[in-house]
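The values are calculated or read from the model by the stated rules, or taken from the named source; none is laboratory data. Note that the coordinates shown come from a computational prediction; the quantities given were computed from them, not determined experimentally. Note that we place each Cβ from the backbone using ideal geometry, even for glycine, and neighbour counts take in every protein chain shown.
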Amino acid sequence: MKELNGIQYIERKPVVETENPQLFLLIHGYGSNEQDLFSFTPDLPETAHVVSVRARYDIQFGGFAWYDISFENNEKYMDIDQAIESRECLVSFIDAIVAQENLDAKNVFIAGFSQGAILSYSIALNYPEKVKNVMILSGYPEYKIIGDFDQSKDFSHLNFFVSHGTEDVILPIEAGRLGEGLLNQLNIKNEYHEYRSGHGIDRQNYFDLMDFIKKAL
């Protein structure tokens, strides 16, 4: 486990040496850890520098979170301040790892699952210059975390893959569909997929994700 700018991470450096490799930043969901999405690594490009980050907050019963979630009187509470701090830490981390490893700053891939996907929306819409290809897995645009972003920024280079399960009981499909609507409204290139699955990544979803990555390289 390494640490940079206050964020712990594991990595797989490029298997095939290349000048200015792409960064693949993997951002796990609530209650998980850096090993979760790192399981994608064998299928990711051999020219890529793969980095899987651990969320900043410990939670009960093990695992980590980017921000606290709780339920009070059947109402879901999110710690928005923690979420925004985590977003800013991840943006600083992208700059730091790109500089440290001499990566291609204009060809950054980020993939987030659930809470990590919610943060990925917020990173891409607030800091479009920091990323290029964004993979949203079982997440949605949470406007409290995205905030009042500058819609006049240049989003023309962004490329999104969005997937969601129609039987997701953690984050309902209606929330996932908000993302497609927002991206289309902003004229951001995207491909949107729904699967008959729950809060997870089924086999077809995984194959479609890897196809997206191959096309995006």
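Just a few scattered comments:
- Subset tally (residues that are in contact with a helix residue (DSSP H, G or I) (Cβ under 8 Å, 6 or more places away or on another chain) and more than 19 Å from PRO141 (Cβ to Cβ)) for region 185-200: 2
- Some residue of region 187-198 being touching a residue at least 40 places away in the same chain (Cβ under 8 Å) and either within 23 Å of LEU23 (Cα to Cα) or more than 16 Å from the chain's Cα centre (by Cα) (or both): no
- Residue satisfying all of: in region 107-127; part of a helix (DSSP H, G or I), hydrophobic (A, V, I, L, M, F, W, C) and touching a helix residue (DSSP H, G or I) at 6+ places or on another chain (Cβ under 7 Å); nearest to ASP154 (Cα to Cα) among these: LEU125
- Checking PHE113 against (1) touching a residue at least 60 places away in the same chain (Cβ under 8 Å); (2) touching a Phe, Trp or Tyr at 6+ places or on another chain (Cβ under 8 Å); (3) surrounded by 22 or more Cβ atoms within 10 Å (Cβ to Cβ); (4) of a type in the set (A, V, I, L, M, F, W, C), the condition it does not meet: (2)
- Selection from region 63-84 of residues that are touching a residue at least 24 places away in the same chain (Cβ under 8 Å) and either over 18 Å from GLU34 (Cβ atoms) or over 20 Å from the mean Cα position of the chain (by Cα) (or both): ILE69, MET78, ILE80, GLN82, ALA83, ILE84
- Any hit, region 158-165, residues being under 11 Å from GLY139 (Cα atoms), in contact (Cβ under 8 Å) with a residue 12 or more places away in the chain and in contact with a Pro (Cβ under 6 Å, 6 or more places away or on another chain): no
- Candidates GLU191, GLU167 - the one that is charged (D, E, K, R), at pLDDT 95 or above and under 25 Å from GLN151 (Cβ atoms): GLU191
- The residues listed here are ASP150, ASP211, ASP202; of these, the one that is more than 21 Å from THR41 (Cα to Cα) and either in contact with a Cys (Cβ under 8 Å, 6 or more places away or on another chain) or of a type outside the set (S, T, N, Q) (or both) is ASP150.
- Highlighted here are the helices (runs of 4 or more DSSP H) found entirely within region 137-217 that include at least 1 residues which are farther than 27 Å from PHE38 by Cβ: 143-146, 173-185.
- Residue count, region 50-68 (criterion: of a type outside the set (Val, Ile, Thr) and in contact with a Lys or Arg (Cβ under 6 Å, 6 or more places away or on another chain)): 1
- Cβ-Cβ under 9 Å pairs, at least 6 apart or on other chains, region 137-148 side on the phi > 0 side of the Ramachandran plot, far side exposed (fewer than 14 other Cβ atoms within 10 Å of the Cβ) and small (Gly, Ala, Ser): SER138/GLY198
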